[in-house]
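Step one of this worksheet: look at the structure below.
Laboratory data are not the source of any read-out in this text; all were calculated from the coordinates shown. Owing to the predicted nature of the structure, the values given are computational and were not obtained by experimental measurement. Glycine also receives a Cβ, built like all others from the backbone with ideal geometry; neighbour counts cover every protein chain displayed.
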Amino acid sequence: MIVMKAQQDIISVVMIITVALGLVSTAYLWGVPLLKKRAYESIVNRIYESAFNSNNQNSLVKKIEYVAKYGGEQTFSLELGGEGSFADVNWVWKLYPCADPTVSVCSCTSPSCSSENNTIQLSFLSQATNIAAGQGWIPNTCGSSPGLVSEDPSIVCGKAETSGDGFELVYKIWFRELDENPADPNTRAYKYVLYAPTGVTSSVGKTVRISKGDITSQIVNGKTLITTEIKIFLV
């Protein structure tokens, strides 16, 4: 009887260990992807808040606007940090200069960039997205008609496309023309014009340097268009 009881105890222990290992395995299989997704959600939100949130005075968009108004030079650095191995996110900066500042949306010779000009963009891969995938640019106002001088000169748009088991996210800052009185064909208009003095229009680095260039004035179809050049250095 003692032997049988000992055997039963051993069987019970083995069963408990087997069940415990099964539970641990199940928790691992479900838990790791969830933790990974949450880490990427944190990264996506941090990238947006750091670079593209107009309410953040230290964001890239506000630094560009500050230089355009007050001159000098500003440096923006995209730092994630605090996310362990997930902090090593591969991103690409792209600058689409304004090919023709006299055109409201800026023109270019390549059909693929006609709606992108006068923008700076950041694209990266992620396991999570805060933008509806496959819906194009959200909002769809980047590249729209001129605004009013009382409005912001910049519009931030984003899009997400499915890529493998994750997403490719792209954020961009577009600088538009602002008119004093759109109803007056002889109105004054203002525009920030992005360009790359060194010719570098793409980078995988963390740093973007911004400085102010020339301010010019010209008559375009009766309208007085005042443009402020913004030098973008992708480091």
- Compute the Cα gyration tensor for segment 154-235, then decide on rounded, prolate or oblate, letting a ≥ b ≥ c be the square roots of its eigenvalues: rounded whenever a/c is under 1.5, prolate when a/b is larger than b/c in the other cases, and oblate in all that remain. oblate
- Query: Which aspartates and glutamates have a Cα lying under 13 Å from the Cα of LYS191, excluding residues fewer than 8 positions away in the same chain?
  - Reply: GLU65, ASP100, GLU151, ASP152, GLU177, ASP179, GLU180, ASP214, GLU229
- List the trypsin sites (Lys or Arg not before Pro) within segment 181-235 that fall in a DSSP loop (any state other than H, G, I, E or B) and whose Cβ has at most 13 other Cβ atoms within 10 Å. LYS206
- So what's the net charge close to ASP179: Lys and Arg +1, Asp and Glu -1, counting the other residues with Cβ under 13 Å from its Cβ? 0
- Message: Within segment 211-235, list the residues whose amide N lies under 19 Å from a label point set 7 Å along Cα→Cβ of THR102.
- Response: 214-229
- So what's segment 36-234 giving for Cα Rg divided by 2.2 N^0.38 Å, two decimals? 1.05
